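Only one structure is covered here, and it is reproduced in the block below.
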Amino acid sequence: MFQRYIFVTGGAGFVGSHLVIHLVEKYPEYYIVNYDKLNYCSSLKPLEYLRTKPNYKFILGDICDPQTVYNTLKKNNIDTILHLAAESHVDLSFENPLEFSLTNVYGSHVLINAAKELNIKLFFHMSTDEIYGGAHNEICCEESSFQPSNPYAATKAAAECIVMSYWRTYKLPVVMIRANNIYGPHQYPDKVVPRFISRLLQNKKCTIHGDGQKVRNFINVSDIVNAIDTLIHKGKHGEIYNIGSDFSISILELAKFLIKKYFKLDGRQKNLGKLELKKQLNGTKRPSMARFGKTKI
């Protein structure tokens, strides 16, 4: 008998796998069900050692399958849903916008509706600061308006509206976060930090589209996991929390920093032969910055 039965969607993804490991190891009294369809950026390798843990189970499944989701939640006595599954590659959202709508909007609706039908005690939803848009380097708070500038951001904004409507209409306990750009170990190399590192390891150039002057805020995955842990225990129902950092850097400076680290250069040495600027592509991610708007939880 466990104290909580937690259902993590996207638990084989980057943030999801870190969260699953954290919860399984820190809370042996919690039963963790990892639900993931294992798409191109998912991996079970970091989770292999958890297979022998009595408080862990992996289930292969798609959040867009309503009956399977409902049955899985009911069969495993789930009382808490941590919804992290999402299509998140901005550039791909221009190529396959309907796929992003299916997973991010419809999939979220499937989950929140099943949560209502089964009287789930907590629905945690992970969103993004991308919903604020990125036309200006402005600091946003939780009350800032939605100005999504790409299909990915638009689907995440739509999902937020659906999730929060279940709090307002049915008082289903909901807690939501919007996160900055997250980086850390075993991240798939379609994101900028692992992509640059991967290219350097392959003796290739760090390629930047545009002039590289756009600034992004970054936060380590361990900080996000700790924030989620705090909020699923102390978060106020119906609240949205920006989870970010004060660390910001332009993409050009990020590339230079990683090149210097990789080649073990000091501040006076240069190796910009490993840096390449290309013409701006449509759909290249714009900068967005979110700050901690809720400091007490």
Going through the stretch 191-207 in order, the residues found to be closer than 19 Å to residue 91 by Cα and in a helix (DSSP H, G or I) are 192, 193, 194, 195, 196, 198, 199
Qualifying residue in the stretch 69-79 (condition: part of a helix (DSSP H, G or I), modelled with pLDDT of 95 or more and among the hydroxyl-bearing types (Ser, Thr, Tyr)): yes
Would you please name the residue that is least open to solvent (accessible area, probe 1.4 Å), looking only at residues in the stretch 28-78 that are over 24 Å from residue 175 (Cβ atoms) and among the aromatic types (Phe, Trp, Tyr)? 58
Does residue 283 count as within 25 Å of residue 174 (Cα to Cα), assigned to a loop (DSSP other than H, G, I, E, B) and either at pLDDT below 60 or more than 16 Å from the chain's Cα centre (by Cα) (or both)? no
Pairs under 7 Å by beta carbon, first residue touching a residue at least 60 places away in the same chain (Cβ under 8 Å) in the stretch 110-126, partner of a type in the set (Phe, Trp, Tyr), six or more apart or different chains? 112/123; 112/166
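Is there a residue being aliphatic (A, V, I, L, M), within 30 Å of residue 256 (Cα to Cα), touching a residue at least 24 places away in the same chain (Cβ under 8 Å) and open to solvent by less than 70 Å² (accessible area, probe 1.4 Å) anywhere in the stretch 156-178? Steps first, answer last, please.
Keep residues of the stretch 156-178 that are aliphatic (A, V, I, L, M), which gives 157-159, 162-164, 172, 174-177.
Restricting the remaining residues to those that are within 30 Å of residue 256 (Cα to Cα) gives none.
Checked against the condition, which is being aliphatic (A, V, I, L, M), within 30 Å of residue 256 (Cα to Cα), touching a residue at least 24 places away in the same chain (Cβ under 8 Å) and open to solvent by less than 70 Å² (accessible area, probe 1.4 Å), the stretch 156-178 yields no hits at all.
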Restricting attention to the stretch 208-248, report how many residues are in a strand (DSSP E or B) and in contact with a Pro (Cβ under 7 Å, 6 or more places away or on another chain). 2
Could you please tell me which pairs satisfy a Cβ distance under 7 Å, a separation of 6+ or placement on different chains, a first residue in the stretch 36-54 that is under 15 Å from residue 89 (Cα atoms), and a second residue that is open to solvent by less than 40 Å² (accessible area, probe 1.4 Å) and charged (D, E, K, R)? 41/190; 42/36
Residues of the stretch 212-230 satisfying the condition of being open to solvent by 50 Å² or more (accessible area, probe 1.4 Å) and at pLDDT 95 or above: 222, 223, 226, 230
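Listed here are the residues, each with its yes/no results for (1) farther than 15 Å from residue 35 by Cβ; (2) under 13 Å from the mean Cα position of the chain (by Cα); (3) surrounded by 16 or more Cβ atoms within 10 Å (Cβ to Cβ).
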| residue | (1), (2), (3) |
| --- | --- |
| 80 | no, no, yes |
| 93 | yes, no, yes |
| 98 | yes, no, no |
| 109 | yes, no, yes |
| 114 | no, no, yes |
| 121 | yes, no, no |
| 143 | yes, no, no |
Need pairs with beta-carbon distance below 6 Å; first residue touching a residue at least 24 places away in the same chain (Cβ under 8 Å) and within the stretch 246-264, second exposed (fewer than 13 other Cβ atoms within 10 Å of the Cβ); sequence gap 6+ or separate chains. 250/213; 259/271
Quick test for you: out of 78, 21, 6, pick the one residue that is within 21 Å of residue 231 (Cα to Cα) and free of Cβ contacts under 8 Å to residues at least 40 places away in the same chain. 21
Count of residues meeting criterion [within 18 Å of the chain's Cα centre (by Cα) and in a helix (DSSP H, G or I)] in the stretch 1-46: 11
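The values are calculated or read from the model by the stated rules, or taken from the named source; none is laboratory data. The shown structure was predicted, so the numbers you read here are calculated from the model rather than taken from an experiment. All Cβ positions, even for glycine, are placed from backbone atoms using ideal geometry, and neighbour counts span all protein chains on display. To get the accessible areas, we keep the full protein, side chains included, count just its heavy atoms, and leave off ligands, DNA and RNA. Shrake-Rupley method; radii C 1.70, N 1.55, O 1.52, S 1.80 Å.
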